[in-house]
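Below: one structure, written as C-alpha cells.
None of the figures in this text is laboratory data; all of them are computed from the coordinates on show. Bear in mind that the values here come from a model prediction, so they are computed numbers and not experimental data. In this analysis, Cβ positions are derived from the backbone assuming ideal geometry, glycine residues included, and neighbour counts consider all displayed protein chains.
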Amino acid sequence: MSDHPTRLEAGDRAPAFSLPDQDGAAVRLADYRGRRVVLYFYPAALTPGCALQACDFRDSIQALAASGLAVLGVSPDPPAQLARFRERDALNFPLLSDERHRVMRAYGVWGPKLLYGRTFDGVIRSTFVIDAKGRVEHALYNVKATGHVGRLRRLLGIEP
C-alpha cells in the first residue's frame, strides 16, 4: 500500500497528461490550453455514486461551458467500460482511462482509503479546476458524489 499522496494546491502547475478517452483517442491536458477545465477523478464507472456525480456534471454542462469550463472525468476503468458508462448515462463530456494510476498519483488522488474497516489503495474522489494557463485554481479532495457539482458551481459563481 502506498503512503499518503502529495496533494496539489491552488497556484500549482497542473500535471500534464495524455490519457485515452472512452473511444481510445488520446486526450491531453495541453489540448485545453487557453480554456479552464474541471478535471474530476472518480472510483468506478457504472456504479451508483459515480453515475450520480457524472449525471450532475452532464446536467450542468451547458452552464459550465457558458462559463468557459470544459469537463473531463478520470477513472481507472478501461476505455470500453467508459464507453458503456457514457452511453448508458448519455454523458456529454470525455471520460478518460488511467488504468495504471499515473495521472491519479500525479494529482494526489490515488492512495489509502478505508471501506468497511479495510484499508486499500484506491481513487480519492477529487475535483480540480485548472485555469487557462494550466495552473490549479481549486483542488478539492475527498468530495462527496452527491451535491458536489452544485457546491462546485457555487464556488465558481455559476448560477444554477
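Please give the contour-minus-distance gain from ARG35 to ALA65: 0.36 nm per residue of separation, less the Cα-Cα distance, rounded to one decimal in nm. Mind dumping the intermediate values first?
Numbers: separation 30, 0.36 × 30 = 10.80 nm, distance 1.00 nm.
Contour length minus the Cα-Cα distance gives 9.8 nm.
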Helix-only [θ]222 nm of the chain, DSSP H runs n ≥ 4, -39500 (n - 2.57) each, per residue, nearest 500: -8000 deg cm²/dmol
Neighbour-count ranking [beta-carbon atoms within 10 angstrom, fewest first] of ILE124, ILE158: ILE158, ILE124
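At 15 Å minimum axial length over the Cα atoms and a Kyte-Doolittle cut of -0.5, report the qualifying DSSP H helices in the chain, or say none. Display every interim value, and only then the final one.
Details: long enough: 48-66 (28 Å, 0.40).
Flagged H segments are 48-66.
By average Cβ neighbour count within 10 Å, what is the ranking of 143-152, 8-17 from highest down?
Averaged packing, sorted descending, gives the order 143-152, 8-17.
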Read-out semi-axes √(5λ) of the Cα gyration tensor in Å, derived from the coordinates shown; its label in (i) 23, 19, 16; (ii) 39, 25, 21; (iii) 21, 18, 17: (iii)
Set of segment 75-112 residues, backbone N closer than 17 Å to the point 7 Å along the Cα-Cβ line of ASP23: 79-97
Max mean-square fluctuation residue, GNM over the chain, Cα-Cα springs under 10 Å, options ALA70, ALA26, ALA54: ALA26
